[in-house]
Structure formats: structure tokens, C-alpha cells
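Working notes for the structure below.
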Amino acid sequence: MVKPDILLFIWFFCMFTFLETNLEEQDFIKLLINGNQTAFSQLIDEFQQKVFGTCISFVPNKEDAEDIVQEVFLEVFKSISKFKGDSKLSTWIYKIATNKCLEFIRKKNSKKRFAFMQTILGNEIPVDKTSYFTEINHPGIILENKEKSDIIFKVINTLPENQRVVFTLAKIDGKSYQEIVEITGKSLSSVESIMFRAKKTLQEKLENFYKSEN
């Protein structure tokens with residue numbers, strides 16, 4: 001049986017640690033808002049690889065993911081003064097990274113639709129043949145070969161956006177449901193429901209794909 005005074009000590013210790021950490025982050029954010037270059041360098045050192053991990057989960061091509069990472073930090077630098085502290089700084093950064101990846105995918109899909117319409121109308125234009133499904137280099141992905149990984153990511157890209165976001169953050173980027181709740185602003189029950197639908201939809205699409213191939 002743990003003594004009440006021990007429990008009280010543990011509670012005070014946890015609260016002190018939480019407040020100390022929170023104050024440290026607030027001080028760090030103030031330095032960022034004031035344009036402190038050392039703070040910005042520290043931010044990049046701490047988050048560069050983490051943000052890259054998120055970006056390559058959505059856009060599994062190394063060069064494209066690296067470009068998006070640069071856009072993410074540019075956005076962070078431009079918008080840090082608007083950060084209200086409603087969430088952790090890391091959550092805010094991951095939210096920016098997710099949105100930048102979605103913007104990239106929308107633009108890619110839009111270009112493909114435009115090129116397709118140009119071809120139909122008899123005014124063919126050079127099509128960008130690069131694909132953001134060409135290089136799979138992420139610790140959360142273990143697939144037998146590149147062909148299968150291409151198929152998986154192409155099918156994921158056909159999911160409704162909310163399903164794609166939740167599935168990618170959870171299954172590829174390895175974030176917990178609680179982190180996804182904080183990044184997306186959705187409730188836990190909503191995230192769980194979306195995840196269930198995403199897995200079901202993905203399974204159906206893959207089954208249909210392989211049936212059509214046979």
C-alpha cells in the first residue's frame with residue numbers, strides 16, 4: 001500500500017515538471033517570435049527529421065518530401081507570431097506538415113486531370129511523368145518490393161481525404177490516436193471511426209484491384 005504522503009509527493013513532482021516544461025516551451029516560443037536565429041536553428045535541429053518522417057509518409061519520394069519540409073519550416077517562420085499556444089508547438093508543426101503534404105497531393109492530382117483533359121481535347125501537352133510513389137524509404141513501411149509499395153500508396157491516395165490523413169498518420173507515420181486527435185482537431189471517437197472506415201475502404205479497393213489484375 002503506497003502511503004498518502006508519497007502519492008502527494010509524486011503528484012507535486014509531476015505538476016512541477018509539467019509547469020517547468022510548459023514554461024520552457026513558452027520561453028522558447030517567445031524567442032522564435034522575436035526572430036532569434038539560435039532558437040530557429042534549434043527548432044530545425046529538433047524537428048527536421050520528425051517532419052521529414054511525416055512528409056515522406058504522405059509523399060513517399062525523398063526529393064519531394066525534402067522540398068515540402070522546407071516549405072513547412074518557411075511557414076513556421078512566417079506564422080510563429082500567430083501561434084496562440086492552444087496546443088503543443090510540435091502538434092502545431094505536424095499540423096502544418098500534414099496540410100502542406102495535402103496541398104502537394106492536390107496539386108499533383110490537379111495537374112494529372114488537366115493533362116488528361118488536354119489529351120481528350122486533342123491539345124496534348126507534355127505530361128509530368130514523375131511520381132511521388134517512386135521511392136519508398138520510411139521505417140514504418142516494410143513491403144516485399146517496390147511494385148507492391150507503389151500499389152499501396154496509389155490506393156491510399158484514392159481514399160477520401162479525412163481517411164487518408166488518419167490512416168497515414170497512424171499506420172505509416174506511427175502516430176498515436178491521441179496525437180492524431182491533437183493534429184486534426186477531431187475527437188477520439190471520430191478518429192477511431194474514420195480509421196475503421198479507412199481500413200475497410202482500403203481493403204475493398206485492394207481486393208478489387210487484384211481481382212481486375214487476374
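The values are calculated or read from the model by the stated rules, or taken from the named source; none is laboratory data. In this text, all values refer to a predicted model and were calculated from it rather than measured experimentally. In this analysis, Cβ positions are derived from the backbone assuming ideal geometry, glycine residues included, and neighbour counts consider all displayed protein chains. When the accessible area is computed, the model is the full protein with side chains, heavy atoms only, and any ligands, DNA or RNA have been set aside. Shrake-Rupley method; radii C 1.70, N 1.55, O 1.52, S 1.80 Å.
Can you tell me which residue within segment 60-113, out of those that are within 18 Å of Lys154 (Cα to Cα) and among the aliphatic types (A, V, I, L, M), is surrounded by the most Cβ atoms within 10 Å (Cβ to Cβ)?
Here the residue is Ala65.
Can you give me the ranges of the helices (runs of 4 or more DSSP H) entirely in segment 30-144 with at least 2 residues that are modelled with pLDDT under 85 and over 19 Å from the mean Cα position of the chain (by Cα)? Spell out how you get there, then give the answer.
Details: elements: 37-58, 62-79, 89-120.
The qualifying helices (runs of 4 or more DSSP H) are 89-120.
Can you tell me which residues in segment 190-208 are farther than 17 Å from Ile152 by Cβ and either of a type in the set (Ser, Thr, Tyr) or in contact with a strand residue (DSSP E or B) (Cβ under 9 Å, 6 or more places away or on another chain) (or both)? Walk me through how you get there before you give the answer.
Initial filter on segment 190-208 (farther than 17 Å from Ile152 by Cβ): 190-194, 196-197.
Answer for segment 190-208, where residues must be farther than 17 Å from Ile152 by Cβ and either of a type in the set (Ser, Thr, Tyr) or in contact with a strand residue (DSSP E or B) (Cβ under 9 Å, 6 or more places away or on another chain) (or both): Ser190, Ser193.
Would you be able to say whether some residue in segment 36-44 is farther than 30 Å from Thr158 by Cα, open to solvent by 40 Å² or more (accessible area, probe 1.4 Å) and among the aromatic types (Phe, Trp, Tyr)?
Of the residues in segment 36-44, the ones farther than 30 Å from Thr158 by Cα are 36-44.
With the extra rule that they be open to solvent by 40 Å² or more (accessible area, probe 1.4 Å), the set shrinks to 36-38, 41-42, 44.
Narrowing further to those that are among the aromatic types (Phe, Trp, Tyr): none.
There is no residue in segment 36-44 that is farther than 30 Å from Thr158 by Cα, open to solvent by 40 Å² or more (accessible area, probe 1.4 Å) and among the aromatic types (Phe, Trp, Tyr).
Residue check, Leu31 against (1) more than 25 Å from Ile152 (Cβ to Cβ); (2) open to solvent by less than 60 Å² (accessible area, probe 1.4 Å); (3) not acidic (Asp, Glu), all met but one. Which one?
Of (1) more than 25 Å from Ile152 (Cβ to Cβ); (2) open to solvent by less than 60 Å² (accessible area, probe 1.4 Å); (3) not acidic (Asp, Glu), only one is false for Leu31: (2).
More than 16 Å from the chain's Cα centre (by Cα) and open to solvent by 70 Å² or more (accessible area, probe 1.4 Å) - does that describe any residue in segment 159-179?
Residues of segment 159-179 more than 16 Å from the chain's Cα centre (by Cα): none.
No, every residue in segment 159-179 fails to be more than 16 Å from the chain's Cα centre (by Cα) and open to solvent by 70 Å² or more (accessible area, probe 1.4 Å).
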